[in-house]
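Readers should treat all values here as calculations from the given coordinates under stated rules, not as data from a laboratory. What you are looking at is a predicted structure, and each value in this text was computed from that prediction instead of being measured. Cβ placement follows ideal geometry from the backbone for every residue including glycine, while neighbour counts extend to all protein chains displayed.
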Ligand code: F6P
């Protein structure tokens, strides 16, 4: 078969490992030809491609980012976009298109399957771990490890100066990274998008620690965390050219408020894209490899419109129609019955 592959949305450690696995199994076991599209849907519409072979993917398992490049944006954003995608697939004689992406790219993939009948297979990707229909996404484990390493380092500097450190991690709609890194790093408080926070309550947790002689605290805040209505004024949020709200900054606000309200020296640390960069953990390399192998198997089963997924400890498939339009919230039981036990 002739199979197109693209990586879309924000980059994520493990993307190259997925590509390598698709190519390895596709080329060696099925005799497929794999065509990589550059820069996500832009490359499909403009027919910018790169051959993906076992040889070109050599050494890519540990490499972060994506060799294909990635972009936000969708063919549905331009009047001729969908026609261009359809023309590329038929003119290039592609039998299938594998879309490795997050909620945005998978929703485009789903629409191209349901509305245009294109032969599409999805692979879930995001450090945020917020995709429905899979128990985990690759990249999440790496991001949690990076955030935990940072928190470990911040403990020692916070203790030396008797400071409060506010660590902002990614997590646009869900607090998976914040909760896991908060548990692993021994955070004093964790703030997540699923639970609007009251800054007074946050301070009320920190102050008694100081009275007990513990002068350093670590507050982990997800970038999408929101103050309870009427508690803190938020500045207007910037939007990028695809209408994607640019988050990042709630950590500064929380640090200012804690410092002002408690009088304790407080410093913000915004981890930002560091969490998406660099080599994937061994766990993510294994998950990415399993997803890649499963994706090319799904192509040969002609399981169009399905997404490969981790279900328990097995790799299964979930229809894209059950995935799109939803975000998977953090496991609230983990947050309340485990993470919260260790707060302050
Ligand atoms: O890929 C998910 C994510 O890392 C979110 O956590 C974050 O809000 C967003 O991407 C940032 O996107 P960009 O890199 O386009 O600014």
Of every Cα-Cα pair in the range 101-251, the percent that sits beyond 24 Å
43
If one builds a Gaussian network model of the chain from Cα atoms under 10 Å apart, the most fluctuating residue listed among 329, 124, 280 is 329
Set the Förster radius R0 to 56 Å, insert the Cβ-Cβ distance between residue 337 and residue 241 as r into 1/(1 + (r/R0)^6), and round the FRET efficiency to 0.05.
0.85
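With both bridge residues required to lie in the range 14-136, what share of the DSSP beta bridges run antiparallel, to the nearest 5%? Write out the running numbers ahead of the final one.
On the way: 4 of 9 bridges.
Restricted to the range 14-136, the bridges split so that about 45 percent are antiparallel.
Above 13 Å lies some portion of the pair distances; for the range 15-71, what is it as a whole percent of all C-alpha pairs?
Numbers: 919 of 1596 pairs.
More than 13 Å apart: 58 percent of the Cα pairs in the range 15-71.
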Selected from 307, 57, 165 as most flexible by GNM, with the chain as the system and alpha-carbon contacts under 10 Å
57
Which angle from 0 to 90°, rounded to the nearest 10, does the C-alpha axis of helix 176-185 make with the longest principal axis of the chain?
50
Computed curve, the chain, Cα-only Debye sum without solvent term, log₁₀ I(q)/I(0) at 0.08, 0.10, 0.13, 0.15 Å⁻¹, is -0.41, -0.61, -0.93, -1.14
Where the centroid of each part is defined by its Cα atoms, how far is the range 267-302 from the range 1-55 in Å?
14
Between residue 76 and residue 205, what is the label-point separation in nm under the 7 Å Cα-to-beta-carbon projection?
3.7
With both partners inside the chain, how many of the DSSP beta bridges are antiparallel, as a percent to the nearest 5?
25
Note the angle between two axes, namely the Cα long axis of helix 282-300 and the longest principal axis of the Cα atoms of the chain, as a number of degrees from 0 to 90, rounded to the nearest 10.
30
Which of the peptides 227-233, 50-56 is most tightly packed, and how do the rest follow, judged by the mean count of other Cβ atoms within 10 Å per residue?
50-56, 227-233
Principal-axis tilt of helix 15-25 within the chain, Cα atoms, nearest 10 degrees:
30
Which FRET efficiency value, to the nearest 0.05, is calculated for residue 311 and residue 160 with the Förster distance at 45 angstrom and r the Cβ-Cβ distance?
0.50
Between residue 30 and residue 116, what is the spin-label point distance in nm, taking each point 7 Å from the Cα along the Cα→C-beta axis?
2.0
Simple spin-label model, 7 Å along Cα-to-Cβ: residue 54 to residue 135 in nm?
3.2
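Order 79-90, 109-120 from most to least packed using the mean count of other Cβ atoms within 10 Å. Mind showing how you got there, number by number?
Numbers: 79-90: 15.6, 109-120: 19.5.
The peptides rank, most packed first, as 109-120, 79-90.
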For the range 1-82, what is the percent of antiparallel DSSP beta bridges, rounded to the nearest 5?
50
Using Cα springs under 10 Å in a Gaussian network model of the chain, which residue among 197, 291, 140 shows the largest mean-square fluctuation?
197
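For the chain, what is the mean residue ellipticity at 222 nm derived from helices alone (per DSSP H run of n ≥ 4: -39500 (n - 2.57); sum divided by total residues; nearest 500 deg cm²/dmol)?
On the way: 10 runs with 125 residues, N = 344.
Rounded to the nearest 500, it is -11500 deg cm²/dmol.
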Values of log10 I(q)/I(0), in the order q = 0.11, 0.14, 0.23 Å⁻¹, for the range 234-344 under a Debye, Cα-only, solvent-free model
-0.69, -1.01, -1.26
